[in-house]
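The values are calculated or read from the model by the stated rules, or taken from the named source; none is laboratory data. Quick caveat, the model's predicted, so the values are computed rather than measured. Note that each Cβ is placed from the backbone with ideal geometry, even for glycine, and that neighbours are counted across all protein chains shown.
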């Protein structure tokens, strides 16, 4: 059988052309599909030790509390002095927030190109982020744009008008804006960052506790409260006002009616824990690591330190739902005698640990839920001890719960653990020796050896 070679070659060329065309089409379709999948689906994995490039669960929780769109307007120069694209950097830093909350919109404005819009925004710094939510707005300087700062701004927006915190003043109490060691000024500053408005309340002057207060904070007065002041305070509690009472080991100085209203059983004495004995003085520091299942303490991940604290107990028939929150000193006790450097447990007088030092009280008054929290001392929130362990996180959780912001209780982003490297001098010298001397010497010797071999091979 004879075949025409010309026809056969032409048929093969057509087949090859068809195969090539199909291959090109399939390759183009595959590239288009890959581009589509890359645009619609994104996979990321954060390999940093502290997950520095991943939003914390606390920040994600803050985003979920914002029911509705959030608009972020960035006022910044398009390029900085070094030629870097600032707008692109802002977009990349906000992308994780937008993935968690798709209705978070970003608008970029260069103040030089649109000076009128920048002037209308009332910027407090030349480069800033303006975050808007439900007709409220917050500003963050671009230089201060961190996850912590952004989350705090979201908290302030989410909190809205329920943010007035009053503290009882006029009797020598520690102040939420004070700078002394026993004051709570550092704690108050963090509360302002979280969106609370703080103000002192002198019941000797004020007619009543304002009804728009989210809660009232009472610390230990140094002088007796007058009967008229106690009456105003009791009316506030009776109508359902929320209260944080930090009771030190000192006398109540007129606040006994409030203790009776709550059904408190206040054992005299100070909690001591020999397991945490200081270098000098009595062991009056107690560490809390055992927390109850409650919104205030359920998410705490750090130990808290309670200095000079007292036991908090309550009568079961007080009419309140009482939840003991924090136990300390499992091997300690409540020392009712004189404190000295080496106290000893007296089974006939002292109360053995563990000791509860904070309790939550809840009840329904009319159509509202009333919340009261009593802790055995104010020292753990003082300027001296606020930075120990989880003290700050505990204090913020207390205020959030009392203000009715249960969903915000656990929101307190922590800095990443690997933002800096600590190297001792020995390791630093070793690195310098290897990088600056050994490696260059190895490269030089290797070069000489290669050159010598090539020269002798000719």
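Summary of computed values
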| item | result |
| --- | --- |
| Top-ranked residue of the range 203-232 - restricted to ones that are within 14 Å of residue 372 (Cα to Cα) and in contact (Cβ under 8 Å) with a residue 60 or more places away in the chain, ranked as surrounded by the fewest Cβ atoms within 10 Å (Cβ to Cβ) | 214 |
| The listed residue being farther than 21 Å from residue 405 by Cβ, in contact with a strand residue (DSSP E or B) (Cβ under 8 Å, 6 or more places away or on another chain) and modelled with pLDDT of 85 or more, out of 123, 106, 77 | 106 |
| So residue 259, is it assigned to a helix (DSSP H, G or I) and touching a residue at least 40 places away in the same chain (Cβ under 8 Å) | no |
| Unique match (being within 23 Å of residue 314 (Cα to Cα) and in contact with a strand residue (DSSP E or B) (Cβ under 7 Å, 6 or more places away or on another chain)) among 243, 233, 266 | 243 |
| Check on residue 295, touching a helix residue (DSSP H, G or I) at 6+ places or on another chain (Cβ under 6 Å) and modelled with pLDDT of 90 or more | no |
| Selected residue (criterion: modelled with the highest pLDDT) from residues of the range 405-420 that are surrounded by fewer than 16 Cβ atoms within 10 Å (Cβ to Cβ) and under 25 Å from residue 67 (Cβ atoms) | 406 |
| Yes/no for residue 268 being more than 28 Å from the chain's Cα centre (by Cα), buried (at least 18 other Cβ atoms within 10 Å of the Cβ) and part of a loop (DSSP other than H, G, I, E, B) | no |
| Total residues in the range 106-131, condition within 20 Å of residue 149 (Cα to Cα) and touching a helix residue (DSSP H, G or I) at 6+ places or on another chain (Cβ under 8 Å) | 7 |
| Some residue of the range 65-83 being within 27 Å of the chain's Cα centre (by Cα) and closer than 30 Å to residue 218 by Cα | yes |
| Residue 46 being in the same structural domain as residue 149 (by TED's automatic domain parsing) and either at pLDDT below 75 or loosely packed, with under 10 Cβ neighbours inside 10 Å (or both) | no |
| Residue among 340, 350, 367 that alone is farther than 27 Å from residue 188 by Cα and buried (at least 18 other Cβ atoms within 10 Å of the Cβ) | 350 |
| Strands (runs of 3 or more DSSP E) fully within the range 134-241 counting 3 or more residues that are modelled with pLDDT under 90 and within 28 Å of the chain's Cα centre (by Cα) | 136-141 |
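Each row is one residue, and each column tells you yes or no for (1) under 13 Å from residue 308 (Cα atoms); (2) modelled with pLDDT of 90 or more; (3) in contact with a strand residue (DSSP E or B) (Cβ under 9 Å, 6 or more places away or on another chain).
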{"site": "342", "(1), (2), (3)": "no, no, no"}
{"site": "348", "(1), (2), (3)": "no, no, no"}
{"site": "351", "(1), (2), (3)": "no, yes, yes"}
{"site": "361", "(1), (2), (3)": "no, yes, yes"}
{"site": "366", "(1), (2), (3)": "no, no, no"}
{"site": "378", "(1), (2), (3)": "yes, yes, yes"}
{"site": "381", "(1), (2), (3)": "yes, yes, yes"}
{"site": "388", "(1), (2), (3)": "no, yes, yes"}
